[in-house]
Amino acid sequence: MTGFFQQIYIITSKIPKGKVSTYGAIARAVGSHDARRVGHALHANKSNLVPCHRVVFSSGSLAPGYAFGGPDTQKKKLIAEGIDFTPEGKVDLRKFFFQFGDLKHSEDIPD
């Protein structure tokens, strides 16, 4: 597969263990503003080599439609990688957000 979905899979594969990104940040990393389409691409992904579990909403919430077993499975995978959750069940993006721009960790939370 080529095109937009393939770009999403490539950029998502760059998120390291112990970090997360957001649908919007991934969209911007490939020159788009369509976070929803990023979600469609990740939901259509069939490869376990693309770490879709490392993608969350901009609030730090998990997606209820996580394609590989639902949000409970996504949360277990993130915890296994050292990611903590707030009492509200969200990822603390100030601590765990991965910035694509220069592929360094960032303290800046995306819009």
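The values are calculated or read from the model by the stated rules, or taken from the named source; none is laboratory data. It should be emphasised that the depicted structure is a prediction, and the values quoted were computed from it without experimental measurement. A quick note on method: Cβ atoms are made from the backbone with ideal geometry, for glycine too, and the neighbour counts reach across all protein chains shown.
Taking the conditions (1) at pLDDT 95 or above; (2) over 22 Å from ASP92 (Cα atoms) in turn, LYS17 satisfies each one other than (2).
In this structure, SER21 does not qualify as surrounded by fewer than 22 Cβ atoms within 10 Å (Cβ to Cβ) and polar (S, T, N, Q).
Among the residues making up the stretch 49-60, those that are surrounded by 14 or more Cβ atoms within 10 Å (Cβ to Cβ) and either part of a helix (DSSP H, G or I) or not aromatic (Phe, Trp, Tyr) (or both) are VAL50, PRO51, CYS52, HIS53, ARG54, VAL55, VAL56, SER58, GLY60. Say we look at the stretch 61-111 and pick out the residues that are assigned to a strand (DSSP E or B) and touching a Phe, Trp or Tyr at 6+ places or on another chain (Cβ under 7 Å); which of these is modelled with the lowest pLDDT? Ranking the candidates gives HIS105 first.
Every test in (1) of a type outside the set (Gly, Ala, Ser); (2) farther than 23 Å from GLY3 by Cα; (3) in contact with a strand residue (DSSP E or B) (Cβ under 7 Å, 6 or more places away or on another chain); (4) touching a residue at least 12 places away in the same chain (Cβ under 8 Å) is passed by ASP92 save one, and that test is (3).
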